[in-house]
Amino acid sequence: MSLFSHVSAAPPDAIYHLTTACNMDPNPQKLNLGVGVYKDASGNIPVQRTVKEAERQILTEEQTKNYLPIEGSAEFSALTRGLLLGCHGSLVDSPASVTLQTPGGTGALRLALELISRQLPTAAVWISDPTWANHGQLCTQAGIACHSYPYYNSATQSLDTDPFLAALAQVPAGDVVILHGCCHNPTGADPDRDTWREIANLAQAREFLPLVDMAYQGFARGLDQDAAGLRTVAEADLPLLVCNSFSKNFGVYRERVGALSLLGFEAAEARRLLSQLKVMARTLWSSPPSHGAQVVEHILGQPELRMQWEGELQAMRERINEMRRLLAASLQDLGTDTDFSFLVRQYGLFALTGITPEVNEIMRRRDSIYFMPTGRINVAGLTVETISYFCRSYRAATT
Ligand code: LMR
């Protein structure tokens, strides 16, 4: 008899569980289209050449393993804001802007939500329907009420702009709205420039706090283009939280590199908020892990490495977009009634295919193809060679 004997088992994490199941599958043709990681044309999850080069430099130059400050490296923070806001954005160097280095984008989100839970105890958080599976449980674990706003029309396979904006117009003052900066997870459908402007207007009029989750900058159209929505909100001079991840665009998943930025606050208030965030970070992870952030800092801070990295990122983006085109064409060639052209109108790793849980189950059982029961696939998990395997499996499971 233990003090914990009443504890029931929690369900496994929906996304990580797929990887575990796929790893155990002996079928050599198996495909893991679950977790959102970039895979190259051979199906590998590569370490970028630029990252290897930065690691070599760090290994040679590193003089100490001493703790970082609680808020992380100041240089990393400034470079992060530069990437998010554009090097010339007035908020990059403003005393009203603060950035904390965090263990991954998830660490940034958890820290932001802890701040909201403690300092805005009556605030609720609004998340898109659908959204990344972790958003809801991050709110729950931080003890915050969470509601969803309509976002996606699965009949037209596109952003449901009017109901989305109408829902934001009803958000109570003082609540928090989580928005995906680009490459919406799981739909790949992003707001256009006008819609972002409207979001900023609504945040101002309704006095809700936007929290932009930026996990895929560079995976849609380009580093600056992908941050255009975020910059539109930032330029409206609103208080704004940004949680960003470097896992995907630097491929440093397991190194846990991310940041939380507070923008548009009055300078003294920003300093007070930073002091509170530091207390919370100190009791969560004390000070952030260094290695991955040093890699990011090295690359962003050195023009030559940065150019090389931007080239690698561009190649990743082009491969993702190419897989989207090929998949849409191959599914279209099957001659089914479904129109898959939405795949090429959307961006990033994910597509919400519309494949039902029943068909998903058949494809997994017969052909060892693993993807989310919601129909979400990681497009970058496909290669020129495996697209036809996926399409044949889909056709066999639906006819
Ligand atoms: C995903 O949605 O698959 C990625 O964001 C990875 C993760 O941490 O869930």
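The values are calculated or read from the model by the stated rules, or taken from the named source; none is laboratory data. On a predicted model such as this, the values are computed, not experimentally measured, just so you know. For neighbour counting, all protein chains shown are included, and Cβ atoms are generated from backbone atoms with ideal geometry for every residue, glycine included.
Among the candidates PHE246, PHE265, the residue that is under 28 Å from HIS184 (Cβ atoms), more than 16 Å from the ligand (Cβ to nearest atom), out of contact with any Phe, Trp or Tyr (no Cβ under 8 Å at 6 or more places or on another chain) and of a type in the set (Phe, Trp, Tyr) is uniquely PHE265. Can we say GLU297 is buried (at least 22 other Cβ atoms within 10 Å of the Cβ) and either of a type in the set (A, V, I, L, M) or farther than 20 Å from ARG118 by Cβ (or both)? For GLU297, the condition - buried (at least 22 other Cβ atoms within 10 Å of the Cβ) and either of a type in the set (A, V, I, L, M) or farther than 20 Å from ARG118 by Cβ (or both) - is met.
Condition (residue is within 24 Å of SER261 (Cβ to Cβ), surrounded by 20 or more Cβ atoms within 10 Å (Cβ to Cβ), touching a Phe, Trp or Tyr at 6+ places or on another chain (Cβ under 7 Å) and free of Cβ contacts under 8 Å to residues at least 40 places away in the same chain) applied to region 159-181: is it met by at least one residue? No, there is no match, as no residue in region 159-181 is within 24 Å of SER261 (Cβ to Cβ), surrounded by 20 or more Cβ atoms within 10 Å (Cβ to Cβ), touching a Phe, Trp or Tyr at 6+ places or on another chain (Cβ under 7 Å) and free of Cβ contacts under 8 Å to residues at least 40 places away in the same chain.
A quick yes/no check of all residues on (1) surrounded by 24 or more Cβ atoms within 10 Å (Cβ to Cβ); (2) modelled with pLDDT of 95 or more:
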{"position": "ALA227", "(1), (2)": "yes, yes"}
{"position": "GLU235", "(1), (2)": "no, no"}
{"position": "LEU241", "(1), (2)": "yes, yes"}
{"position": "SER245", "(1), (2)": "yes, yes"}
{"position": "TYR253", "(1), (2)": "no, yes"}
{"position": "GLY258", "(1), (2)": "yes, yes"}
{"position": "GLU266", "(1), (2)": "no, no"}
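In region 125-146, the residues that are touching a residue at least 24 places away in the same chain (Cβ under 8 Å) and among the small types (Gly, Ala, Ser) form Cβ pairs under 8 Å with partners that are assigned to a strand (DSSP E or B) and within 16 Å of the ligand (Cβ to nearest atom), at six or more places apart or across chains, as follows: SER128/TYR152; SER128/ILE178; SER128/LEU179; SER128/HIS180. Residue pairs whose Cβ atoms lie under 6 Å apart, separated by 6 or more positions or on different chains, with the first residue in region 21-44 and more than 13 Å from ARG319 (Cα to Cα) and the second among the basic types (Lys, Arg) and not in a strand (DSSP E or B), are CYS22/LYS30.
Within region 106-126, if we keep just the residues that are charged (D, E, K, R) and more than 16 Å from the ligand (Cβ to nearest atom), the residue that is farthest from HIS291 (Cα to Cα) turns out to be ARG118. Out of all the residues in region 324-331, is one or more under 23 Å from the mean Cα position of the chain (by Cα), buried (at least 19 other Cβ atoms within 10 Å of the Cβ) and part of a helix (DSSP H, G or I)? Yes, the conditions are met somewhere in region 324-331. Listed by first and then second residue, the pairs linking a residue in region 100-114 that is at negative phi to a residue that is outside any helix (DSSP H, G or I) and among the charged types (D, E, K, R), with Cβ atoms under 6 Å apart and 6 or more places separating them unless they lie on different chains, are LEU100/GLU71; PRO103/ARG256. Residues satisfying the criterion are absent from region 28-48 (criterion: polar (S, T, N, Q) and either touching a His at 6+ places or on another chain (Cβ under 7 Å) or more than 19 Å from ALA380 (Cα to Cα) (or both)).
Of the set (1) under 20 Å from ALA78 (Cβ atoms); (2) at pLDDT below 95, all apply to LEU305 but (2).
The helices (runs of 4 or more DSSP H) found wholly in region 1-105 and carrying at least 1 residues that are over 30 Å from ILE369 (Cα atoms), more than 16 Å from the ligand (Cβ to nearest atom) and not hydroxyl-bearing (Ser, Thr, Tyr) occupy 49-61, 74-85. Checked against the criterion of being among the charged types (D, E, K, R), without any contact (Cβ under 8 Å) to a residue 60 or more places away in the chain and closer than 30 Å to ILE45 by Cβ, region 251-259 has at least one qualifying residue. Only a single criterion out of (1) more than 15 Å from the ligand (Cβ to nearest atom); (2) under 17 Å from the mean Cα position of the chain (by Cα); (3) over 20 Å from LEU120 (Cβ atoms) is not satisfied by GLU255, namely (1). Evaluate region 7-17: report whether one residue or more is in contact with a Lys or Arg (Cβ under 7 Å, 6 or more places away or on another chain) and β-branched (Val, Ile, Thr). No, every residue in region 7-17 fails to be in contact with a Lys or Arg (Cβ under 7 Å, 6 or more places away or on another chain) and β-branched (Val, Ile, Thr).
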